[in-house]
Amino acid sequence: MVNIKCKDKTFSNIQAILFDKNGTLEDSEVNLRNFAQKAARIIDAQIPGIGEPLLMAFGVNGDTLDAAGLMAVASRRETEIAAAAYIAETGRGWIESLNIASKSLDEADKYLGDSPSPLFAGSSEILQKLSQAGLKLGILSAATTPEVNQFVQVHQLGDYINLEMGVDGNIFKPDPALFLQACEKLQVEPSATLMVGDSVADMQMASSAKAAGCIGITWIGKSDNVRDADVVINKLDEIQVD
């Protein structure tokens with residue numbers, strides 16, 4: 001077991017650390033914003049006038065993506081449901097609305113291709129350091145598991161990551177069941193596992209699962225995005241082996 005120190009906070013006897021992906025390890029703002037804009041245009045072409053309200057719902061304002069907004073935090077399924085709700089407001093049936101939303105998001109994916117988002121500075125180095133200290137490391141993301149797999153492969157993180165887990169079913173953050181499932185797969189106790197994330201959902205999920213602690217990271221300096229964190233950091237290298 002390892003002691004982890006962040007600023008003036010020390011977490012003792014830690015076995016594992018789970019990291020969120022988007023906005024935590026991965027600087028995904030540009031790709032997520034482009035995806036949201038493309039998806040809104042595709043839906044607007046079918047239902048004129050819906051594009052701007054959709055962008056607001058997605059958390060996109062001009063060239064800015066809200067780090068606490070739908071596109072940055074929600075799972076793919078939640079994004080489909082939210083888009084479908086806006087479509088249904090135009091008088092279409094719910095199943096038709098879901099189909100339009102799902103197909104449009106898939107089309108936006110295909111159009112934009114598989115160009116990966118870059119890692120935040122220091123992500124690879126801190127993962128290597130923590131792994132070498134004997135910690136089990138996992139990624140627990142609102143993205144799908146195949147997307148997490150691709151992320152680990154593209155950035156060559158496989159030597160450090162022991163668990164690659166996304167949201168594939170009907171359980172979404174902040175449901176603590178996700179954290180508990182991840183701990184079970186890593187064969188560690190939640191009470192000896194830390195969560196590192198950039199959203200309130202990450203903090204609430206880990207807290208409800210009785211995690212050892214919640215480390216909120218806000219690269220953009222908005223601590224309210226990670227309220228309820230035990231400690232808030234602005235760079236990953238603030239996570240130190242004590």
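Miscellaneous remarks
- If the condition is being buried (at least 16 other Cβ atoms within 10 Å of the Cβ), of a type outside the set (G, A, S) and either in contact with an Asp or Glu (Cβ under 7 Å, 6 or more places away or on another chain) or not in a loop (DSSP other than H, G, I, E, B) (or both), then the stretch 50-67 contributes I50, L54, L55, F58, V60, L65.
- Restricting the search to helices (runs of 4 or more DSSP H) fully inside the stretch 123-195 and requiring at least 3 residues that are surrounded by 17 or more Cβ atoms within 10 Å (Cβ to Cβ) and over 14 Å from the mean Cα position of the chain (by Cα) gives 123-132, 176-186.
- Some residue of the stretch 166-182 being over 20 Å from Q204 (Cα atoms) and not β-branched (V, I, T): no
- Answer residue from the stretch 46-64, given it is touching a Ser or Thr at 6+ places or on another chain (Cβ under 9 Å) and without any contact (Cβ under 8 Å) to a residue 40 or more places away in the chain and is farthest from N22 (Cα to Cα) among those: G49
- I14 meets each of the listed conditions (1) farther than 30 Å from Y160 by Cα; (2) among the β-branched types (V, I, T); (3) assigned by TED's automatic domain parsing to the domain that holds L135 apart from (1).
- Residues satisfying the stated conditions in the stretch 68-106, i.e. in contact (Cβ under 8 Å) with a residue 60 or more places away in the chain, assigned to a loop (DSSP other than H, G, I, E, B) and surrounded by fewer than 20 Cβ atoms within 10 Å (Cβ to Cβ): A68
The values are calculated or read from the model by the stated rules, or taken from the named source; none is laboratory data. On a predicted model such as this, the values are computed, not experimentally measured, just so you know. Neighbour counts are summed over all protein chains in view; Cβ atoms, including those assigned to glycine, are modelled from backbone coordinates with ideal geometry.
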